[in-house]
Each structure stands twice: as C-alpha cells, then as structure tokens.
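Down below is the structure, laid out as structure tokens.
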Amino acid sequence: MELPTIHEVAQSGDVATLRAVLDAGVPVDAAGFTECSDVSSALHLAAEGGHVEAVRLLLARGASAALCNFWGHTAAHLVAQEGQLEVLEVSV
C-alpha cells in the first residue's frame, strides 16, 4: 500500500496515517508543494488547518517550529493570522 505524502496527511489532520508516514521514515520537515501553498512543511499545513493533534505529533517527532514557508511565515504566524489560539499555544 502506498502512503500519501506527509503534506497531504498533515493537511487532512489524520493523525493515525501521519504517524504511519513518519514511522515509514519520511522526514518530518520535508518541504513540498500542495494545492494550497508553495513549499510549506507538514507543520505549516497541520497548523493552518487547525489540526492540534497533528501539530503535537509533528513537534514531538522533531518538526522545527522555526521553519519558514515560501512567504517567510512560520506555522505560528499562520495560526495567528487565522486566530486559532489552541494551535498557537501548542506550536510555540
């Protein structure tokens, strides 16, 4: 079975599949392109989608909260813009 990309899973918030993707050895901070954004990390996408548990898992697996996307935004910047305080508390 082929696993979806880490970016697809992070964007969907599916924690079980995200864990499987990470367990398969996919780098937690891999950059990639999605329909919604250019060169964002999985943490950016999970945070922007408001997926608190996915953000917690990515950070626990070593995702860098300091990474910037194409526009120079960290995951914390994105959630602050969206007003997602619960995710912001987890990501900083």
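Nothing in this text is a laboratory measurement; each read-out follows from the coordinates by a stated rule. This structure is a prediction, so every number in the text was calculated from the model and none was measured. Glycine also receives a Cβ, built like all others from the backbone with ideal geometry; neighbour counts cover every protein chain displayed.
Among the residues of region 41-70, what is the count of those that are within 16 Å of Gly13 (Cβ to Cβ) and of a type in the set (Gly, Ala, Ser)? The number of residues fulfilling the criteria is 9. Total residues in region 53-92 satisfying the condition of being farther than 12 Å from Asp29 by Cα and of a type in the set (S, T, N, Q): the figure is 4. Within region 11-27, residues that are touching a residue at least 24 places away in the same chain (Cβ under 8 Å) sit with their Cβ atoms under 6 Å from residues that are outside any helix (DSSP H, G or I), at 6+ positions apart or across chains, in these pairs: Gln11/Gly49; Gly13/Gly49; Gly13/His51; Leu22/Arg61.
Pairing residues of region 71-92 that are in contact (Cβ under 8 Å) with a residue 24 or more places away in the chain with residues that are of a type in the set (Asp, Glu) and buried (at least 17 other Cβ atoms within 10 Å of the Cβ), at Cβ distances under 9 Å and at least 6 apart in sequence or on separate chains, gives Ala75/Glu48; Leu78/Glu48; Val79/Glu48; Glu82/Glu48; Gln84/Glu48; Val87/Glu48.
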